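**Q** Structure provided below as structure tokens; questions to follow.
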Amino acid sequence: MQDTLMYVHDPMCSWCWGFEPTRRVLFEAVSGIMPIQRMVGGLAPDSDVPMPDSMRNMLQQTWHRIEQTIPGTRFNFEFWEQCSPRRSTYPANRAVIAAREQGVEYDLAMTAKIQQAYYLQARNPSDNETLIELATEIGLDTRQFANSLLAESTQLSLEEEIQATRRLGIDSFPSLAVHKAGELHHIGLNYLDAGAMLAQIENI
């Protein structure tokens, strides 16, 4: 396997949202050095159970902490009043995989659209209806996407991707690692300085 930078994320992971500006800078620098493999890690399984108040409060506190830790990161807290939150990110993960089927470039496009919908527009990516709307907005074939989103094969692909990341010892998001000569080298995250991570990659 060619030396590869692996990025494991969940489109509904709030720290992944905070990491986005620095990630973009890093990936632009790395793109000329080695290929990049994006993988979804599956933060929370499917659930129709309303999110308990304790978790709602915890996640809102996390959003505030990210805003304070990563300058420029913003969240729309109207989400908690306008939507019916569930602890369920697998639908959004399947949406990324379903989008990827129509072109590898749609992996990034769908991830970005889910993040913007969730964190800025107070729309709920745990709902398939929202995900289908987002697919249309980024120019996907809506019918093909909707079919793929609900297909058993897409769920199987998600399970395989989750298992692959766990075998690599990755169970937190976002995560970065370099796969080189059959070995995995984890990269320490720096949410503010892409150069610090680039230096780690170059040392490897």
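**Q** Filter segment 111-139 down to residues that are of a type in the set (D, E, K, R) and outside any helix (DSSP H, G or I) and give me whichever is surrounded by the fewest Cβ atoms within 10 Å (Cβ to Cβ). Don't jump to the end; show me each part of the working.
**A** Going residue by residue through segment 111-139, those that are of a type in the set (D, E, K, R) are 113, 123, 127, 129, 133, 137.
Applying the additional criterion that residues be outside any helix (DSSP H, G or I) yields 123, 127.
Working: Arg123: 21, Asp127: 16.
Top of the filtered list is Asp127.
**Q** Looking at Leu134, Leu140, Leu156 in this structure, which one is closer than 25 Å to Tyr7 by Cα and touching a Lys or Arg at 6+ places or on another chain (Cβ under 8 Å)?
**A** Leu134
**Q** Could you tell me which numbered condition Gln2 fails, if it satisfies all but one of (1) more than 19 Å from Ala194 (Cα to Cα); (2) touching a residue at least 40 places away in the same chain (Cβ under 8 Å); (3) not aliphatic (A, V, I, L, M)?
**A** Only one criterion in (1) more than 19 Å from Ala194 (Cα to Cα); (2) touching a residue at least 40 places away in the same chain (Cβ under 8 Å); (3) not aliphatic (A, V, I, L, M) is unmet by Gln2, namely (2).
**Q** Of all residues in segment 5-33, which are in contact with a Ser or Thr (Cβ under 6 Å, 6 or more places away or on another chain) and either over 16 Å from Ser175 (Cβ atoms) or among the small types (Gly, Ala, Ser) (or both)?
**A** At the first step, the residues of segment 5-33 found to be in contact with a Ser or Thr (Cβ under 6 Å, 6 or more places away or on another chain) are 8, 10-12, 14, 18.
Within segment 5-33, Ser14, Gly18 meet the criteria.
**Q** Applying the selection to segment 153-173, what residues are β-branched (Val, Ile, Thr), at pLDDT 95 or above and either part of a loop (DSSP other than H, G, I, E, B) or more than 10 Å from Gly41 (Cβ to Cβ) (or both)?
**A** Thr154 - this is the single residue of segment 153-173 that is β-branched (Val, Ile, Thr), at pLDDT 95 or above and either part of a loop (DSSP other than H, G, I, E, B) or more than 10 Å from Gly41 (Cβ to Cβ) (or both).
**Q** Same structure again: Condition test on Glu101, is it of a type in the set (Asp, Glu) and over 20 Å from Asn124 (Cα atoms)?
**A** Against the criterion (of a type in the set (Asp, Glu) and over 20 Å from Asn124 (Cα atoms)), Glu101 qualifies.
**Q** A follow-up question, please. In segment 50-70, what count of residues is obtained for those that are closer than 19 Å to Phe19 by Cα and among the acidic types (Asp, Glu)? So that I can check it myself, show each step before the final result.
**A** The first filter runs over segment 50-70 and keeps only residues closer than 19 Å to Phe19 by Cα, leaving 59-70.
Within this subset, residues satisfying the condition of being among the acidic types (Asp, Glu) are 67.
The qualifying residues number 1.
**Q** Can you run down the residue pairs with Cβ atoms below 8 Å, 6 or more apart or on separate chains, where the first is in segment 92-120 and free of Cβ contacts under 8 Å to residues at least 40 places away in the same chain and the partner is among the aliphatic types (A, V, I, L, M) and part of a helix (DSSP H, G or I)?
**A** Close Cβ pairs satisfying both conditions: Arg100/Met110; Tyr106/Ala99; Ala109/Ala99; Lys113/Leu134; Ala117/Leu134.
**Q** In segment 16-44, what count of residues is obtained for those that are under 15 Å from the mean Cα position of the chain (by Cα) and small (Gly, Ala, Ser)?
**A** Qualifying residue count, segment 16-44: 4.
**Q** Quick one: Gly188 ticks every box in (1) within 19 Å of Leu5 (Cβ to Cβ); (2) crowded, with 16+ Cβ neighbours inside 10 Å except a single one, so which number is it?
**A** It fails just one condition, (2).
The values are calculated or read from the model by the stated rules, or taken from the named source; none is laboratory data. The model shown is predicted, which means the values in this text are computed figures rather than measured ones. Positions of Cβ are backbone-derived with ideal geometry, glycine not excepted, and every protein chain shown enters the neighbour counts.
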